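I have placed the structure first, in the form of structure tokens, so that the comments after it can refer back to it.
The values are calculated or read from the model by the stated rules, or taken from the named source; none is laboratory data. Note that the coordinates shown come from a computational prediction; the quantities given were computed from them, not determined experimentally. Here the Cβ positions follow ideal geometry from the backbone for every residue, glycine too, while neighbour counts run over all protein chains shown. Ligands, DNA and RNA are excluded from the accessible area calculation, which covers all protein heavy atoms including side chains. Shrake-Rupley method; radii C 1.70, N 1.55, O 1.52, S 1.80 Å.
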Amino acid sequence: MTPDATVHRQTLFWLVATALVLLAGIGLRYPWPADEPRFAQIAREMVESGQWLFPTRGGEYYPDKPPVFMWLSALFFRLVGDLKLSFLLPSALASFGTLWLVHDLGRRLWNPQTALFAVLVLAFTPQFLLQGKAAQIDALVTFWITLGCYGLLRHFLTGPHWRWYFVSWVAMGLGIMTKGVGFLPLLMLLPLGFWARNPGQGVEPVWRWRLLVGVVVMLVTLACWLVPMLVQVELQGGENLLAYRNDLLFRQTGERFVNAWHHVKPWHYFFTQAIPVVWFPLPIVMLVLIRPLMALLRQDAKLRVLLAWVGLVLLFFSLSSGKREVYIFPALPMLSLVVAVLWVNGRELPLAKKLDGFFRWLMPSIAALLTGLGLLMWLSPERLPGKLRDYADIASAIGQPLVALGLALIVLLVVMRKADLFVRLASASLLGWLLVSLLVWPRVDPHRTPNDMMLQVEQRLPPGAELGLIYFKEQFLLFSQRPLTHFSYLAPLLQQEQNAWIWMREAPGRHLLVPTDAELGCFDGARAVSLGEAHRREWVLLGPDAVRPSCGSPARFQRFHYQPVTRGVLP
């Protein structure tokens with residue numbers, strides 16, 4: 001068997017193994033907060049109502065994000081018929097698509113070995129599988145951004161390939177419709193302008209005025225959603241729809257970037273706090289092999305294009321005061337190619353051997369630490385240090401799986417002790433995520449959902465009783481077995497309470513589900529019925545006898561009603 005054929009078989013194995021790990025655990029857990037229940041509920045309401053143009057959460061318009069991720073979630077829910085089976089599929093499939101695009105770029109721009117190592121880098125970098133196995137928007141927008149970069153690189157570095165060039169602009173349009181930053185591949189045109197030249201005579205140039213048509217392609221793609229949405233807003237009017245349009249197009253995009261009101265971090269957050277953790281161990285590899293990396297950058301314009309684009313993405317997000325580690329996730333696929341090229345060319349160097357030796361000590365140490373921590377959680381959870389004692393119930397549930405994980409990693413590292421460092425890292429990562437998905441998820445799930453509490457609600461309320469929510473969590477909508485009324489998820493607590501007071505007085509047999517940390521003045525908390533804790537908060541039922549005689553008038557009258565139609569995630 002030729003060396004290329006061997007590498008091809010190895011690459012196929014790692015692609016399949018990563019795909020199986022991405023799918024592992026689907027159906028073994030429900031959506032977990034903070035974001036997963038929200039998107040699952042929105043998808044459920046799209047299928048139930050048949051109204052897909054304006055996402056709703058409990059009947060209230062959801063303006064924080066464009067709709068493409070919710071559309072895909074709703075599509076899979078409609079096809080599968082069970083949110084527990086469908087809600088993780090968009091992220092898993094998008095992540096595999098990203099993996100395949102990175103592999104294909106490595107093969108076309110460099111060689112099959114680079115493609116193999118790029119796949120391994122994504123498999124062992126924590127953020128890739130973390131996002132691929134979570135029902136959040138970021139895995140999907142990263143796929144669109146990677147597809148946009150793929151099309152540009154195919155055209156400018158291996159082209160001309162006009163079809164791929166225009167596909168990149170379609171991907172950018174879909175990326176913007178998924179999350180506003182879908183335009184990030186545009187930043188790649190800057191380094192491409194420096195280092196991508198037209199081919200020689202007799203070959204069609206890659207730089208032509210025809211490039212400007214790409215902007216039209218992106219605008220047409222955006223118009224497929226934006227025009228119907230804007231037309232419906234104008235035709236239907238109404239305060240809520242106008243607020244949805246303005247919030248989505250302006251407040252959640254430009255205003256959020258310039259004047260963030262959440263997740264405010266210092267300018268260096270990504271470099272000093274996020275990257276060392278979510279991209280571990282890539283910064284170590286690049287710093288240890290910095291001289292070979294600099295030499296490769298001087299020789300290889302393709303590498304300069306990719307690394308410059310990664311730098312521009314990091315700079316772009318660093319300019320905003322609002323920062324989360326998921327924001328930089330779209331840069332990881334291109335960085336994986338840079339690290340793969342570096343490792344292919346530098347793994348035999350003395351510094352690389354020293355790095356390998358460091359990880360031969362570190363990885364067994366981590367496995368032993370996991371084993372010891374698992375034993376402590378399993379046998380004596382009350383002896384956990386500090387704030388971990390607050391999670392003793394979860395710790396005791398996952399103690400045994402954690403011991404199994406630690407021991408399995410030790411065995412794996414012994415069996416694969418002669419393998420390449422990247423192979424060992426990827427093997428450990430995939431094994432870890434496989435066991436977490438199959439063993440840990442089912443044990444943690446009861447602690448991350450309000451299922452038990454919502455069953456208590458059903459036991460305490462008569463069949464005809466109406467239930468209202470104040471200061472609630474989206475997963476309550478998912479697990480409710482009866483119609484729900486709420487008073488705007490986005491409204492201030494006082495306004496929600498005042499609207500709820502009006503609703504409670506309008507008819508008998510109405511009850512409110514509220515957390516005890518909500519300071520209420522219109523209801524008598526002494527008459528509340530405790531339902532226990534869910535998500536580290538105690539929840540209580542307030543009945544008609546808890547309604548005080550008077551309450552102030554709300555600044556705005558808001559009331560939203562949600563009637564469950566499908567089973568959603570109900571057991």
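Criterion first (out of contact with any strand residue (DSSP E or B) (no Cβ under 8 Å at 6 or more places or on another chain), outside any loop (DSSP other than H, G, I, E, B), open to solvent by 30 Å² or more (accessible area, probe 1.4 Å) and without any contact (Cβ under 8 Å) to a residue 60 or more places away in the chain) does W144 satisfy it? Answer is yes for this residue.
Beta carbons closer than 7 Å, at least 6 apart along the sequence or on distinct chains, pair a first residue in the stretch 384-400 that is open to solvent by 80 Å² or more (accessible area, probe 1.4 Å) with a second that is charged (D, E, K, R) for R389/E382. In the stretch 427-503, counting only helices (runs of 4 or more DSSP H) that sit wholly within it, the ones holding 1 or more residues that are acidic (D, E) and more than 20 Å from A92 (Cβ to Cβ) span 451-460.
From the list A94, A123, A74, the lone residue that is surrounded by 24 or more Cβ atoms within 10 Å (Cβ to Cβ) and more than 30 Å from Q475 (Cα to Cα) is A123.
So is L93 of a type in the set (A, V, I, L, M), assigned to a helix (DSSP H, G or I) and under 23 Å from G432 (Cα atoms) or not? Explain how you work it out, then say what you get.
Details: of a type in the set (A, V, I, L, M): yes; assigned to a helix (DSSP H, G or I): yes; under 23 Å from G432 (Cα atoms): yes.
Yes, satisfied.
Taking each residue of the stretch 99-115 that is in a loop (DSSP other than H, G, I, E, B) and looking for partners that are open to solvent by 10 Å² or more (accessible area, probe 1.4 Å) and not β-branched (V, I, T) with beta-carbon atoms closer than 9 Å, six or more apart or interchain, yields W110/D300; W110/K302; N111/D4. A500 falls short on exactly one of the conditions (1) under 27 Å from the mean Cα position of the chain (by Cα); (2) crowded, with 22+ Cβ neighbours inside 10 Å; (3) within 15 Å of F560 (Cβ to Cβ), and that condition is (1). When the test is whether a residue is open to solvent by 80 Å² or more (accessible area, probe 1.4 Å), of a type outside the set (A, V, I, L, M) and modelled with pLDDT under 95, H262 passes it.
From R298, R304, R324, grab the single residue that is open to solvent by 30 Å² or more (accessible area, probe 1.4 Å), over 21 Å from A426 (Cβ atoms), at pLDDT below 95 and charged (D, E, K, R).
Numbers: R298 fails: at pLDDT below 95; R304 fails: at pLDDT below 95.
Answer to the check: R324.
For the stretch 67-88, the condition holds for at least one residue, the condition being that it is assigned to a loop (DSSP other than H, G, I, E, B), of a type outside the set (D, E) and closer than 18 Å to G175 by Cβ.
Of all residues in the stretch 336-354, those that are touching a residue at least 12 places away in the same chain (Cβ under 8 Å), open to solvent by 10 Å² or more (accessible area, probe 1.4 Å) and in a helix (DSSP H, G or I) total 4.
Quick check, is A367 under 30 Å from W144 (Cβ atoms) and open to solvent by less than 10 Å² (accessible area, probe 1.4 Å)?
Values: under 30 Å from W144 (Cβ atoms): no; open to solvent by less than 10 Å² (accessible area, probe 1.4 Å): yes.
No.
Kindly check whether there is at least one residue in the stretch 200-207 that is open to solvent by less than 40 Å² (accessible area, probe 1.4 Å), part of a helix (DSSP H, G or I) and of a type outside the set (F, W, Y).
Let us first name the residues in the stretch 200-207 that are open to solvent by less than 40 Å² (accessible area, probe 1.4 Å), namely 206.
Cutting the leftovers down to part of a helix (DSSP H, G or I) gives us none.
For the stretch 200-207, residues open to solvent by less than 40 Å² (accessible area, probe 1.4 Å), part of a helix (DSSP H, G or I) and of a type outside the set (F, W, Y): absent.
Here A546 passes the criteria (1) without any contact (Cβ under 8 Å) to a residue 60 or more places away in the chain; (2) under 38 Å from the mean Cα position of the chain (by Cα); (3) surrounded by 19 or more Cβ atoms within 10 Å (Cβ to Cβ) except the one numbered (2).
Yes or no: the stretch 104-119 includes at least one residue that is closer than 13 Å to S427 by Cα, at pLDDT 95 or above and either open to solvent by less than 10 Å² (accessible area, probe 1.4 Å) or of a type outside the set (G, A, S) (or both). So far as the stretch 104-119 goes, yes, one or more of its residues are closer than 13 Å to S427 by Cα, at pLDDT 95 or above and either open to solvent by less than 10 Å² (accessible area, probe 1.4 Å) or of a type outside the set (G, A, S) (or both). Scan the stretch 520-543 residue by residue and report those that are assigned to a strand (DSSP E or B) and open to solvent by less than 20 Å² (accessible area, probe 1.4 Å). Answer for the stretch 520-543, where residues must be assigned to a strand (DSSP E or B) and open to solvent by less than 20 Å² (accessible area, probe 1.4 Å): F523, L531, A534, W539, V540, L541, L542.
Here's the yes/no breakdown for (1) of a type outside the set (V, I, T); (2) open to solvent by less than 10 Å² (accessible area, probe 1.4 Å):
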site	(1), (2)
I137	no, yes
L153	yes, yes
A171	yes, yes
L174	yes, no
A196	yes, yes
V233	no, yes
Y244	yes, yes
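The residues on offer are L314, L297, L287, L303, and the sole one that is within 22 Å of the chain's Cα centre (by Cα) and either under 30 Å from F117 (Cβ atoms) or touching a residue at least 60 places away in the same chain (Cβ under 8 Å) (or both) is L314. Look at A518 and say whether it is touching a helix residue (DSSP H, G or I) at 6+ places or on another chain (Cβ under 9 Å), within 25 Å of R38 (Cα to Cα) and at pLDDT below 90. Yes: the conditions hold for A518. Contact annotation: residue pairs with Cβ atoms under 8 Å, 6 or more positions apart or on different chains, pairing a residue in the stretch 499-512 that is over 19 Å from V529 (Cβ atoms) and in contact (Cβ under 8 Å) with a residue 60 or more places away in the chain with a partner that is open to solvent by less than 30 Å² (accessible area, probe 1.4 Å) and among the polar types (S, T, N, Q), are N499/S488; N499/Q558. For L490, the conditions (1) open to solvent by less than 10 Å² (accessible area, probe 1.4 Å); (2) farther than 22 Å from K84 by Cβ; (3) among the hydrophobic types (A, V, I, L, M, F, W, C); (4) in contact (Cβ under 8 Å) with a residue 60 or more places away in the chain all hold with the exception of (1).
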